[in-house]
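Computed from the coordinates by the stated procedures, all read-outs in this text should not be read as laboratory data. Worth saying up front: this structure is predicted, and the values here are computed from it rather than measured. Cβ placement follows ideal geometry from the backbone for every residue including glycine, while neighbour counts extend to all protein chains displayed.
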C-alpha cells in the first residue's frame, strides 16, 4: 500500500503521493506543476534500482552493498534491507524502501539533489 510522500509512477510520470483515499491517491507531479486524483489501478510502483538508491543518499563502493549512515545501521545488500545487522525484508520498490525507512527512523526518505 502507498503512503504519504511515496514516489510512484502514473502514466510514466514520477509523482508524489499527497493523500490516500478509499479508492486511490491524490498526487502532485514530481515537478510540482499539477495536483490530481487517480485510482489505485492506475498507479505503478517504481522498481528500486541503483539510481534511486544513490538519489536517496545511499553510498556504495561496489554497487552491491549500499550504506545509508556513517554507523552502517541501515544498509542494502542488493535489495535486502538490513537494520543493525538484521535483514528485515527484500525491498523491490521505491515506496517499500520509503515506508520501511520511515517506520524505523521516523523521518521521510526523500530524493537528494
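Take every DSSP beta bridge whose two residues both sit in the chain; close to 100 percent of them are antiparallel. Per-residue ellipticity at 222 nm, computed for the chain from helices alone with -39500 (n - 2.57) per DSSP H run of at least four residues, works out to -4500 deg cm²/dmol.
Ranked for footprinting exposure by Cβ neighbours inside 10 Å, fewest first, 69, 113 give 113, 69. Listed by Cβ neighbour count within 10 Å, with the fewest neighbours leading, 64, 80 appear as 64, 80. Ranking of 55, 12, 84 by neighbouring Cβ atoms within 10 Å, starting from the fewest: 12, 84, 55. Specify the angular offset, from 0 to 90 degrees and rounded to the nearest 10, of the alpha carbon long axis of helix 94-105 from the longest principal axis of the alpha carbons in the chain. Approximately 60 degrees, to the nearest ten.
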